[in-house]
Structure formats: C-alpha cells, structure tokens
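Heads up, the thing below is written out as structure tokens.
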Amino acid sequence: MASYDVVVIGAGMGGLAAANLLAAQGKSILVVDALPEAGGKMGRAQHEGVYFDTGPSVLTLPEILDDIFKAAGTSVADEIELLKGDHVFEYLFANGTTVPVHFDPNDTLQAVRETLSETAAEDLKRFLDYAKNIWDVAAPHFVYGPAPTIGSAFKLGMVKWRDLRKVDPMRSMKAAIDAQVKSNYIRDILLRYATYNGSDPRSAPATLNCIAWVEMGAGCYGVNGGMHQVAQAMERVAARNGAEFRYDSPVARILTANGRVSGVQIGDEAIACDAVVSNADVAHLVNDLAPQVSSVSAPKEPSMSGWTAVVKAKRTDRPAHQVLFPEHDYLNEFSDIFDHDRPPTSPTVYVCAQEKAHGREGWDEHEPVFIMANAPAEPANGARNADIWGELESKVMTRLRERGLLAADDEIVWRRTPGKLAATFPGSRGSIYGAASNNQFAAFQRAPNAVKDLPGLYIATGSAHPGGGVPLCMLSGRAAVEAMDG
Ligand SMILES: Cc1cc2nc3c(=O)[nH]c(=O)nc-3n(C[C@H](O)[C@H](O)[C@H](O)COP(=O)(O)OP(=O)(O)OC[C@H]3O[C@@H](n4cnc5c(N)ncnc54)[C@H](O)[C@@H]3O)c2cc1C
C-alpha cells in the first residue's frame, strides 16, 4: 500500500499552501483532487483554444503567498508576475456617473475629487484610514493567528481593550459606512466590499470594513497570464520540493485506526498516511469524508454564490474591472439574496476584462470578458429550479448591452450557475467564500484548523479559519501546518 506522511485532499488555495509548507519541511506529501487540475475555485476553462479564469479576478495581500514561497525556497517575484495596472476599477452608476479607482489610493482620491466632490474624497480618505486601523489591529489576532475563541478574545480584550475597540465589532458594516460617508456613490462602493466575503453589509460586523483598505489601500493586483498562474506556480513549487499530485481522484473516505487518521480511500485504493489536511469544504468533510467527527460543524449560513459567465467580446478599450450598479437602491440586492433567498431583481454586474487585468490572450478580434452577478447559495435540501438563472442571465446581458459594455453580437461562451458550482465543490452549496459573516460572532464560529476528536486531521479551506478569499485560504493552509507542528 502507498504510504505518505501527509495526504492533502484538494489542490485549492488552502491545500496548495499546506502542501508547499509541508514539502518544504521534507515530509512526503500526496495531494489528491477530484478535478483534473490544480486551483479548485481558482479555476480556468477554454473556448476555441483561448483560456480564461473562471474564479478569482483580483489578488490581494500577495505577501502571504510570498511568505509561503520563501519557506519553500523561492519567491513570488521568481514564480509569477504581478500586475499593478493603472486605471484598475471603474464603478458605473445608473445615472451615468463613473468613479474610477486606481492602484495608488492617492490617485483614487484625486479621481474622486474630480468626478464627485472634495467632500466625497475627504470622506473616502477618512474611511480608508479607519479601515486600515481595523486591519492593523484585527489581522494579527483574527487573521494571521490561530482560530480565535470567545475566551481567547476575552483574554486579549483584557490586555488590549483600547486597541480592540478600533476593530468596530458591535455595529454593522452599513451602520459604520452611513455614519462616516455622505456620498451615495462612495457608500455603494464601500458596501460592496461585504461581497468579498459573501456577506450582507446590513448585518456583517463593521470589522469587515477593513476589506476596503485591503483592496483600495494595500493593493489590488493582476497576475500576468491569468489568476490560474497562482495555482500552477504553487503546484510547481510544491512538486519541486517533492510533493506528488494526483488528479481525477475523488477521496471517498478518510480512514482511521486506533482513534486517529490512518489513510484515505480513493475508489478501490487505500493510501496510508499519518495525517490528512482537508481542503474540501467543511460540510463535505464532516458529512461525507469523516462523518464520525463531532467537534466541527458545517457552516450554518453559507456565503453568497455567484452566477458567472465568460463572453467572447469584441475587443474595446475597456478598463480591467468594471462594476455596473443597479438602477434601484443597491441594498435591495442584499435583501433579495439574504431575506428572500432569490437572485437580485436588479443585479449589480461585475465585469473583468481578462486581457487588461491579467495579460491573458484572447481571440483575433475578441477578448475574454468575465461577468458575475451575486446570487444566493443553493438551498440545503436540493437544487432550485434552473429557470431563475436564465432570467438572471438575460437581465445581466441586457444591462451590459444597454450600457454599451457589450456589443449586440457578443456571445457567452462559458457559464456557471450556483447549482453547477455546488455540484463541482461538494458541500459548498455554491458558496464562494465558505461561511457568511452575518453576525458579530462569525470569527468564532468558523471551523478550526485542527480537529480535536480525530487526531491527525487538519483543515485548510475557505470554510474554516480564517475564512474565504485567496489570501485567507492560503493562511488556512499555513494555520493547518502550524497546528500540525504543535
Ligand atoms: C467566481 C469566483 C470569484 C472569486 N473572486 C475572488 C477574488 O477576486 N479574490 C479572491 O481573493 N477570492 C475570490 N474568490 C474566492 C476564492 O477563489 C476562494 O476563496 C478560494 O479559491 C477557495 O480556496 P479553498 O482553499 O477553499 O479551496 P477550493 O478552491 O474550495 O478547492 C478545494 C479543492 O478540494 C477538492 N476536493 C474537495 N473534495 C474532494 C474530495 N473528496 N476528493 C478530492 N478532492 C476534493 C476540490 O475539487 C477542489 O479542487 C472567488 C471565487 C469564485 C468562485
């Protein structure tokens, strides 16, 4: 029987991060994935020979990847090329107002001054300072550190209560934005950061306003050749350090002996190992792979899902990223998704021109344009009537054509509904970021990175601590390895 120190189930961001760190320690590692290649939700697809990304569109906090690569004997600069771009985002409002956002926050403030007003720029500057403060205080304890508990937070609060007040945990993101920002345009731009965590700004704690700083202040990067290059580079570096990879290999069960992990079962084959790092969604882990685990629960409320597509669009001079806000109050979108469990009646549409954002190469006269609308996660008890996604698609395409962002004959060449996302990633219910953070205790409710009642089992995924999004998933891989190292 094949035998390894550690089997990593899943070559998504958390699994690849763990594999890199473990292989660098000289451990024998096997990474297995049900899909045909690395990346997980950071996937790619192709049409007529042109590859495009089907998952993340922006990379933030690249220093986290750099730390992992440094431990593995290399660096981000040696493995991938980060792109800063200039005119990064364009926010388009229904009344024709356009707010550009640049890589450098000072350029963004200048653009806001010119397109909106001095007051709007001042409000944004003050808000970004506030958001940075939250990040500086919260990140060491709640993001980079081990999974917090109410007890550990209480102890920390006894020592650092002055600092901890700055993380603004008691009011909602929306309440904090309303209290600090007068411009409705800036308000909508800031509210949208709740979606980077798949949450509802009306109930997510204001602590999450730090996301505005992470993207607008700390830097929003493209990756030359496409986001999927990150996954490929992580796989390459881990393999260079001895990790083995097997694809099209769904793990059916985590095996145990004498009360601890002893291996994994793939089809008829059992593979022995001393430890397993599970990068699978936590619900799949605890419901299917290791149902005997009782100390860890699946997320109670999954984060939002998304309806996504790639359009073969006539090449035009468009910015890397555009967000087309709806005609009605943006908050209606959150009410549709979280209160009524339905796709947005008037969807906000995100558009990523992958040639501009990531230097991808399109067709002769056409470029791959990724589009996305937020959507509710799939119901726990089965799929929805798929007709609703057809309706959402036609609304999205009509809005993009009416606003001149797509030509009449630009066609969708790839699409993925929340149901398809759910089917590809078992246990996810199509959620993009794992668990929603729609209450003050969300940080304490995420699955920890080590499983108490099954020694040898570790968790590295967006549905565990510290949460979803590419950099945080990488940190979950690191936290799993640190837990293993004791
Ligand atoms: C459309 C979209 C847009 C996004 N945009 C951004 C963005 O711009 N920026 C950002 O930071 N994040 C973004 N995200 C979120 C980000 O992609 C995810 O948070 C992250 O990639 C998830 O990584 P993970 O470690 O949780 O692993 P996953 O990506 O969930 O991968 C888990 C892997 O485990 C495998 N697996 C599961 N069960 C088994 C099994 N039984 N046997 C074998 N293999 C198994 C799966 O096949 C999969 O490959 C986006 C995601 C999507 C889908």
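No value in this document is a laboratory result; all are computed from the given coordinates. Just so we're clear, the structure is a prediction, and the values are computed from it rather than from any experiment. We place every Cβ from the backbone using ideal geometry, glycine too, and count neighbours over all the protein chains shown.
What the table below lists for this structure:
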quantity: Lys182-Ser117 pseudo-label distance in nm [points 7 Å out on the Cα-to-Cβ vector]; calculated: 0.5 nm
quantity: Pairwise FRET efficiency - Asp163 versus Arg401, Cβ, R0 = 60 Å, nearest 0.05; calculated: 0.75
quantity: Where a label projected 7 Å from the Cα of Ala383 along Cα→Cβ would reach, residues of the range 402-430 with amide N under 11 Å; calculated: 417-424
quantity: Tilt relative to the chain, helix 62-71 - C-alpha long axis, 0 to 90 degrees, to 10; calculated: 20 degrees
quantity: Order by protection proxy (mean Cβ within 10 Å, highest first), peptides 209-216, 357-364; calculated: 209-216, 357-364
quantity: Calculated FRET value between Ala252 and Asp409, using beta carbons and R₀ = 45 Å, to 0.05; calculated: 0.45
quantity: Amide hydrogen neighbours beyond the local backbone of Trp414, cut-off 5 Å, H modeled; calculated: Val310
quantity: Cα-Cα over 29 Å, subset of Lys70/Lys132; Lys132/Lys155; Lys41/Lys452; Lys84/Lys395; calculated: Lys84/Lys395
quantity: Extension gain, Thr424 back to Asp104 (0.36 nm per residue minus Cα-Cα distance, nm); calculated: 111.5 nm
quantity: Counted charge near Ala252, where neighbours are those whose Cβ lies closer than 11 Å (Asp, Glu -1; Lys, Arg +1); calculated: -2
quantity: Phi to ³J(HN,Hα) by Karplus 6.51 cos²θ - 1.76 cosθ + 1.60 over the range 480-486, Hz, x for Gly, Pro; calculated: 5, 5, 5, 5, 5, 6, x
quantity: Prolate/oblate/rounded call for the range 5-91, Cα gyration tensor, a/c under 1.5 rounded; calculated: oblate
quantity: Cα gyration tensor of the chain - equivalent ellipsoid semi-axes, whole Å, descending; calculated: 35, 26, 22
quantity: In sequence order, calculated HN-Hα J values of the range 236-252 (Karplus, 6.51, -1.76, 1.60; Hz; x Gly/Pro); calculated: 4, 5, 5, 5, 4, 8, x, 5, 9, 10, 10, 10, 6, 10, x, 7, 8
quantity: Under 16 Å from the Cα of Lys314 - lysines, other chains or at least 8 residues apart; calculated: Lys356
quantity: Within the range 195-249: Cβ-based charge dipole about Cα centre, in debye rounded to nearest 20 (Lys, Arg +1; Asp, Glu -1); calculated: 100 debye
quantity: By average C-beta atoms within 10 angstrom, highest first, the peptides 28-35, 383-390; calculated: 28-35, 383-390
quantity: Cα centroid separation, the range 327-398 to the range 415-462 (Å); calculated: 21 Å
quantity: Helix 387-402 axis, angle to the chain major axis (alpha carbon atoms, nearest 10°); calculated: 40 degrees
quantity: Sequence ranges 96-105, 196-205, ranked by mean other-Cβ count within 10 angstrom, highest first; calculated: 196-205, 96-105
quantity: Spin-label model distance (nm) - Glu81 vs Arg240, 7 Å beyond Cα toward Cβ; calculated: 1.8 nm
quantity: With Cα atoms, 0 to 90° folded angle of helix 13-24 axis to the chain main axis; calculated: 50 degrees
